[in-house]
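All remarks here apply to the structure that follows.
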Amino acid sequence: MLPEIAGRDEFAALIIRTDYNDEATWQAVVAEATQPWGNNGEFEAHVHLVDDSVWAGAPPDAVLTAVRRDEDLSVVFIADRATTQSAHRALLALTTSTEDEDLDPMYYQELIDSPPPREFRTTPAAVHDVHANLSIANLDFEDFAEAALADPEGILRPF
């Protein structure tokens, strides 16, 4: 069982490292994710980094199970093997909501036929756009997933 994430500020994006094969790439992810963001770097980066080998090799579903205890969290970012192998250090973004949350029974059949996306890849620099907009319900997870899918490489980049 993975440990509970302690001490995360609700305004901090959560990035969990699950691959420990490339320290230089992890350091590059950290450097990029902690840079000021927004127009001309107007916003300070708030991130909660989990760099604990107990998470090594943890599959996405296990990470989701562990972080769902945090009621203020709508998305988690994972630095996994694909991150270390990506030229863009693309993190895996996973929604923490479950498919059956807040379902309107009238539209349930539509969701069975076409479930909403639960993940996409994003550059570390775009983490803050995703986290902030989801936190204030300005955009939905699906909006970001669609933007990532529209990219030729399937990666969300900063707005």
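Just a few scattered comments:
- Among Ser53, Leu91, Leu2 the positive-end extreme of the charge dipole of the chain (Cβ point charges): Ser53
- Amide H within-cut-off set for Ile155, under 5 Å, with H built and near neighbours excluded: none
- The antiparallel fraction among DSSP beta bridges confined to segment 13-156 stands at about 50%.
- Once you divide the Cα radius of gyration of segment 1-60 by 2.2 N^0.38 Å, the number left is 1.25.
- Take 42-54, 67-79 and order them by the average number of nearby Cβ atoms within 10 Å per residue, most first; the result is 67-79, 42-54.
- The overall shape of segment 1-103 is oblate: from the C-alpha gyration tensor, with semi-axes ordered a ≥ b ≥ c, the ratio a/c is 1.5 or greater and a/b is no larger than b/c.
- Pairwise label distance in nanometres, Asp61 with Asp22, each label 7 Å out on the Cα-Cβ vector: 2.7 nm
- Cα-centred dipole magnitude for the chain, charges only on beta-carbon of K, R (+1) and D, E (-1), debye, nearest 20: 600 debye
- Here the peptides 152-159, 11-18 are ranked by packing, the mean other Cβ count within 10 Å, and the order with the highest first is 11-18, 152-159.
- Farthest toward the positive end of the dipole of the chain, out of Ala145, Thr65, Phe43, is the Cα of Phe43, where the dipole comes from beta carbon charges about the Cα centre.
Every number in this text was worked out from the coordinates using simple rules, so none of it is lab data. Keep in mind it's a predicted model, so treat the numbers as computed, not measured. Using ideal geometry, Cβ is built from the backbone for each residue, glycine included, and neighbour counts are taken over all protein chains shown.
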